[in-house]
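Novice: Once you've had a glance at the structure underneath, I'll fire off some questions.
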Ligand SMILES: Cc1cc2nc3c(=O)[nH]c(=O)nc-3n(C[C@H](O)[C@H](O)[C@H](O)COP(=O)(O)OP(=O)(O)OC[C@H]3O[C@@H](n4cnc5c(N)ncnc54)[C@H](O)[C@@H]3O)c2cc1C
């Protein structure tokens, strides 16, 4: 068993040499932060995750949260950890100063998210929705509600949740039946049953602000009838303090494959008092403020777990003697065997690329939020919109592959619990499912983002990669990687072109049939691009050995992983005929 070590060296390298951190710190919104402060905050954040969060991860997996007398009791040690989290000010890190936040750029959150998700996904989930809830209230709630709730979320005194899913309404949230009846005082009585709600009750804070999608009475069916409500767990008294219970009850906790420390709740709303956020019928549009924050966080869940699983397996491979190696006497550590090296390099390159892509998305979100001109903000928003589904799906699937290889590297010890490798896989398995399944991300990318923008978002992405390829310099490894990334981009160009033409012809079924391999191809290219940027750093201005490592990783990924770009392009362009001609029910033995 080894302990979690956050990737501070890699994060520093990324921020110093690849992501234009200086450009973000020069923006008026972030002038109160200089490079030294940002670095100190990041170092403290990863230290906190390693020394305080990670030690609880295994115990919370073994014991988990439980339901006692209708209330959720979190895994032992979690309330004390949360108290430290609050005291250290981490909930406020990137929230605006006007609401009690520290106003740091999303790049600071990126480092914290990378480390906390690697340290403990279950605990990270306890704190993520609060930040997302604050964002949605800042963007859409009335002034009084914002002033009352956001500072409490920023201080960590109160927590937040995201409440959408119902038994019959998952990806198709338009089927939601939870209803909201307007009362004479302008508030709403929210009633219905929601399922799978993370941290819907706990013993970490005295108040929980549930951000709930529900149908205001008389609203039309489908997503157009959905509105967004703030439903506190406890009604506030006249002094604004949490008072009596507000008709929100946890009915049961799910028994799950992983993240046992994160309670997944079935929740009944029994006429619970809710405050409308924004306008009736605008719920989905507003909820996207929260969903987008959550989607980047889920991408970081993937990147964080991939990084942690990789480091964990590497340390095992470096000390486990087994089998001989030509030219050396006696058993050698398994990291010497070519097949194990291949697994380690696949894990490390994939984990590095995941992290880099998430940081790139965070950088674009900073530009979208705080760019100096409307054009800069729009360009940042466009690139963030394009990258989000790729990062969410690409990094979560990467995490599964890395975690699975981590088990393989441990051999039989990986399959049993003591070595600690299998928890990464069990925990990571949810990430391609929630916050929009990866199938839904693929549809979003191919239809809304590609066809919906008539190719504009795609062109910005492809043009940026082309520009980077043309100015990429380096040794032979970099040149080899550059050629293969260029080939992958050519494949992607062809598929994008075909989808745009099919969109014009109304052949949407063909696009939907190829959407997932298209997203996978886009993720391969994006990963290759990020690894190339890590590799193309001028060795004179950085640690030379690290640059050499990055070059080897970029070449490895290009030569060993990216060859499947061609196959993905072929699969993406096969159309719907082969999929839709078959009667699925005939395959069933039932
Ligand atoms: C541990 C855990 C925590 C969760 N936390 C929360 C939370 O805090 N808040 C919350 O609101 N929800 C939460 N969820 C719910 C989660 O977001 C949903 O499970 C997810 O959105 C998928 O919905 P579903 O499970 O109903 O699957 P379905 O929507 O039934 O999907 C099943 C399969 O069909 C595919 N599919 C569905 N529709 C389409 C389509 N139109 N085209 C192509 N493929 C399609 C999907 O991709 C998937 O593969 C959580 C779930 C879990 C398990």
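The values are calculated or read from the model by the stated rules, or taken from the named source; none is laboratory data. From a predicted model like this one, the values you see are computed outputs, not experimental measurements. Cβ placement follows ideal geometry from the backbone for every residue including glycine, while neighbour counts extend to all protein chains displayed.
Novice: I'm trying to understand the selection: among the residues of the range 218-237, which are away from the ligand (no atom under 16 Å from the Cβ) and either farther than 22 Å from residue 134 by Cα or part of a strand (DSSP E or B) (or both)?
Specialist: Across the range 218-237, the qualifying residues are 218, 219, 220, 221, 224, 225, 232, 234, 235, 236.
Novice: Limited to the range 262-274, what total is found for residues that are surrounded by fewer than 24 Cβ atoms within 10 Å (Cβ to Cβ) and more than 13 Å from the ligand (Cβ to nearest atom)?
Specialist: The total comes to 4.
Novice: On the given criteria, is residue 433 free of Cβ contacts under 8 Å to residues at least 40 places away in the same chain and within 30 Å of residue 288 (Cβ to Cβ)?
Specialist: yes
Novice: Could you say whether any residue in the range 364-386 is more than 16 Å from the ligand (Cβ to nearest atom), within 16 Å of residue 520 (Cα to Cα), in contact (Cβ under 8 Å) with a residue 40 or more places away in the chain and in contact with a helix residue (DSSP H, G or I) (Cβ under 9 Å, 6 or more places away or on another chain)?
Specialist: There is at least one residue in the range 364-386 that is more than 16 Å from the ligand (Cβ to nearest atom), within 16 Å of residue 520 (Cα to Cα), in contact (Cβ under 8 Å) with a residue 40 or more places away in the chain and in contact with a helix residue (DSSP H, G or I) (Cβ under 9 Å, 6 or more places away or on another chain).
Novice: Can you name the residue in the range 179-196 that is surrounded by fewer than 23 Cβ atoms within 10 Å (Cβ to Cβ) and within 16 Å of the ligand (Cβ to nearest atom) and is also nearest to residue 60 (Cα to Cα) among such residues?
Specialist: Here the residue is 196.
Novice: From 40, 108, which residue is farther than 26 Å from residue 421 by Cα and surrounded by fewer than 16 Cβ atoms within 10 Å (Cβ to Cβ)?
Specialist: Matching residue, one of 40, 108: 40.
Novice: Just give me the residues in the range 484-496 being surrounded by fewer than 17 Cβ atoms within 10 Å (Cβ to Cβ) and without any contact (Cβ under 8 Å) to a residue 24 or more places away in the chain, in sequence order.
Specialist: 490, the sole residue that qualifies.
Novice: State which residue is surrounded by the most Cβ atoms within 10 Å (Cβ to Cβ) when the search covers only the range 523-543 and only residues that are at pLDDT below 95 and part of a helix (DSSP H, G or I).
Specialist: Residue satisfying both the conditions and the ranking: 539.
Novice: Can you pull out the residues in the range 497-522 that are assigned to a helix (DSSP H, G or I), more than 16 Å from the ligand (Cβ to nearest atom) and surrounded by fewer than 24 Cβ atoms within 10 Å (Cβ to Cβ)?
Specialist: 497, 498, 500, 501, 502, 503, 504, 505
Novice: Can you tell me which condition residue 165 does not meet? The list is (1) within 12 Å of the ligand (Cβ to nearest atom); (2) more than 15 Å from residue 267 (Cβ to Cβ), and all the others hold.
Specialist: (2)
Novice: Right, another one. Taking residue 149 as meeting all but one of (1) over 22 Å from the mean Cα position of the chain (by Cα); (2) surrounded by fewer than 17 Cβ atoms within 10 Å (Cβ to Cβ), write down the number of the exception.
Specialist: Looking at each condition in turn, residue 149 falls short on (2).
Novice: Then there's this: Anything in the range 169-178 that is part of a loop (DSSP other than H, G, I, E, B) and near the ligand (Cβ under 8 Å from one of its atoms)? List them, or say none.
Specialist: Selection gives 170, 171, 172.
Novice: Residue 205 passes all but one of (1) more than 28 Å from the chain's Cα centre (by Cα); (2) closer than 26 Å to residue 262 by Cα; (3) away from the ligand (no atom under 15 Å from the Cβ); which number fails?
Specialist: Going through the list (1) more than 28 Å from the chain's Cα centre (by Cα); (2) closer than 26 Å to residue 262 by Cα; (3) away from the ligand (no atom under 15 Å from the Cβ), residue 205 breaks only (1).
Novice: Test of understanding: among 259, 284, 277, which residue is closer than 30 Å to residue 527 by Cβ and within 16 Å of the ligand (Cβ to nearest atom)?
Specialist: Result: 259 is the single residue among 259, 284, 277 that is closer than 30 Å to residue 527 by Cβ and within 16 Å of the ligand (Cβ to nearest atom).
Novice: Does residue 127 meet the test of being assigned to a loop (DSSP other than H, G, I, E, B) and either crowded, with 23+ Cβ neighbours inside 10 Å or under 21 Å from the mean Cα position of the chain (by Cα) (or both)?
Specialist: Criteria not met by residue 127.
Novice: Specify which of the listed residues (80, 98, 111, 115) is under 24 Å from residue 429 (Cβ atoms) and either within 12 Å of the ligand (Cβ to nearest atom) or modelled with pLDDT of 95 or more (or both).
Specialist: None of the others qualify; the one that does is 115.
Novice: Among (1) touching a helix residue (DSSP H, G or I) at 6+ places or on another chain (Cβ under 9 Å); (2) part of a helix (DSSP H, G or I), which single condition is residue 575 missing?
Specialist: So residue 575 meets the others, but not (2).
Novice: Out of (1) more than 16 Å from the ligand (Cβ to nearest atom); (2) touching a helix residue (DSSP H, G or I) at 6+ places or on another chain (Cβ under 7 Å), what's the single condition that is false for residue 124?
Specialist: The one condition residue 124 does not meet is (1).
Novice: Additional query: Being surrounded by fewer than 19 Cβ atoms within 10 Å (Cβ to Cβ) and either away from the ligand (no atom under 16 Å from the Cβ) or assigned to a helix (DSSP H, G or I) (or both) is the filter here, so list the residues in the range 405-437 that pass it.
Specialist: If the condition is that a residue be surrounded by fewer than 19 Cβ atoms within 10 Å (Cβ to Cβ) and either away from the ligand (no atom under 16 Å from the Cβ) or assigned to a helix (DSSP H, G or I) (or both), then 408, 411, 412, 413, 415, 416, 417, 418, 426 are the ones that fit.
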